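The values are calculated or read from the model by the stated rules, or taken from the named source; none is laboratory data. Since the structure is predicted, the reported quantities are computational estimates derived from the model, not experimental observations. Please note: Cβ atoms are built from the backbone with ideal geometry, for glycine as well, and neighbour counts cover all protein chains shown.
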Amino acid sequence: MAVSETIIGSSISQQINKSKLYRKVAWRIMPILLISYIVGYLDRVGISFSKFQMMPDILNGNMALAESVYGLGAGVFFIGYIIAGVPSNMVLSKYGARKIIALLMVIWGGISMLSVFITSPTQFYIARFFLGIAEAGFYPGVILYLTLWFPSGQRAKMTALFVCGIPISNIIGGPLCGWIIEHMNGLMQMSGWQWLFFISGPRALLIALVIFFFLDNTYQNAKWLTDEEKEMIHEDMDHANQQRLLNAKNGIVAHEWTMKTMLKSSAFTKMWLICFCTVMGQGGLAFWVPTIIKDTGVKSVFDVGLLSMVPYMLAVVAMLLAARSSDKHRERRWHIVVPFCIAAVAMVSIGVFQDNKSIVMFSLCIAVAASLVPSPLFWSLPNAIFTGTCAAAGIALINSIANIGGFISPYIIGYFKNTTNSNLVAMCVLASMMILGAILTLTVPAKMVNK
């Protein structure tokens, strides 16, 4: 009995020490990654608000095609993103996150500042395309980076914390962008939308310096970890590798993936399709939330910014609670499927009741929160399935292919708003993508991903 109690006590003590260790790691690297993502995503928030002033300026007052031009410009960003996704992640994998992410931030800042000189739709498309190239390596690179620091049981929470940069950037950016557009318009002979782009440049350059000097590539070369702490992380990583070998022996996953076997596998096809559905929902809403709110009759851009905070505040809570529950119960599929279904219903409600401000706002809150929940949880699926030297390329390739949805969805909404003067058809298309994502997720065997 005494021996048993000693073993149990030792095990509990070890778990407490590991919890403290991963909290220490999280507090060191996650704020840097989170702030970086917020800074990067503020550009997408900014473009959704700059639309109100930018479209009249670059179209010389001819607003007949404004919705389509904006939708295409928002989508073109993802073409550059798709093209550069895999090469960027391979470079990041080779040279480390610190240098590459810092360089990406510098490029982001430069392109954003140059965007103040846009005077035509063509220039708008070109600027968005190159910004997509610059951002391509960041998101999949961080997803890969987290696998180097946290074992699978900790990863959903960390990924969710990182992806919280999306709603947080909207919480911060909504009122800020609204204020800048209304109060800085005409200052130094620059429009409010030009100030939005100009201010984003120095912000990105500043965080690039923080990344370069404070972000370590791996736990092995982190001077702020003791040798004992590094060994604890190594043991957890080694245990995860042994689990994968056991799964391979039992026929649950392939022993060693190559690019050829991965690309031919049904698992890879399911992964990018699920991710595609996720991006369709997020992308369709992210660029159009301010417009949807404004269409309900809100006149002030600043008020639109304040109201746009609400859905994203709910999203932060929903994402963190879902990730915590997923890690606690070691269950991934239903934590993804249920939010997909909730988002679908909410999106249809936005279109059906578009003339009712209260229902639109309520539905928008639910749709935004529910569509964001699957994103961090999704990455536990490919990370649990794909291993070996193709992991970096696989993650980037899934992300790149899926971001075709980021190109399609903003354009779909713009096209149907122009042709029907309604959100209904576009919202139904996005809702169907959510349902498809739920169905595909259910086809992934639970034993492959519930770790």
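Only one of the numbered conditions (1) of a type outside the set (Asp, Glu); (2) crowded, with 18+ Cβ neighbours inside 10 Å; (3) under 30 Å from Arg23 (Cβ atoms); (4) at pLDDT below 85 is violated by Asn241, and that is (2). Taken over segment 117-139, the residue count meeting the criterion of being part of a loop (DSSP other than H, G, I, E, B) and under 16 Å from the mean Cα position of the chain (by Cα) is 2. If you go through segment 339-361 and keep only what is more than 19 Å from the chain's Cα centre (by Cα) and farther than 23 Å from Pro290 by Cβ, you end up with just Cys341.
Take the conditions (1) touching a Leu at 6+ places or on another chain (Cβ under 9 Å); (2) buried (at least 20 other Cβ atoms within 10 Å of the Cβ); (3) not acidic (Asp, Glu); Leu320 misses just one of them, which is (2). Annotation: Thr296 fulfils all but one of (1) in contact with a Leu (Cβ under 7 Å, 6 or more places away or on another chain); (2) of a type in the set (Val, Ile, Thr); (3) in contact (Cβ under 8 Å) with a residue 60 or more places away in the chain; (4) within 23 Å of Pro410 (Cβ to Cβ); the unmet one is (1). Per the listing Phe78, Phe117, Phe124, the residue uniquely at pLDDT 85 or above, surrounded by 19 or more Cβ atoms within 10 Å (Cβ to Cβ) and not aliphatic (A, V, I, L, M) is Phe124.
Checked against the criterion of being closer than 14 Å to Lys157 by Cα and of a type in the set (Val, Ile, Thr), the candidates Val304, Val317, Val352, Val310 yield just one match: Val317.
Check Leu314, Leu372, Leu306 and return the single one that is surrounded by 19 or more Cβ atoms within 10 Å (Cβ to Cβ) and under 29 Å from Trp193 (Cα atoms).
On the way: Leu314 fails: surrounded by 19 or more Cβ atoms within 10 Å (Cβ to Cβ); Leu306 fails: surrounded by 19 or more Cβ atoms within 10 Å (Cβ to Cβ).
That would be Leu372, the only listed residue that is surrounded by 19 or more Cβ atoms within 10 Å (Cβ to Cβ) and under 29 Å from Trp193 (Cα atoms).
Restricted to segment 309-368, and to residues there that are in contact with a His (Cβ under 7 Å, 6 or more places away or on another chain) and not aliphatic (A, V, I, L, M), the residue that is farthest from Ser432 (Cα to Cα) is Ser325.
Considering segment 278-288 alone, what residues qualify as being within 18 Å of Val425 (Cβ to Cβ), assigned to a helix (DSSP H, G or I) and hydrophobic (A, V, I, L, M, F, W, C)?
First pass over segment 278-288, keeping only residues within 18 Å of Val425 (Cβ to Cβ): 280-281, 283-285, 287-288.
Applying the additional criterion that residues be assigned to a helix (DSSP H, G or I) yields 280-281, 283-285.
Of everything in segment 278-288, those that are within 18 Å of Val425 (Cβ to Cβ), assigned to a helix (DSSP H, G or I) and hydrophobic (A, V, I, L, M, F, W, C) turn out to be Met280, Leu285.
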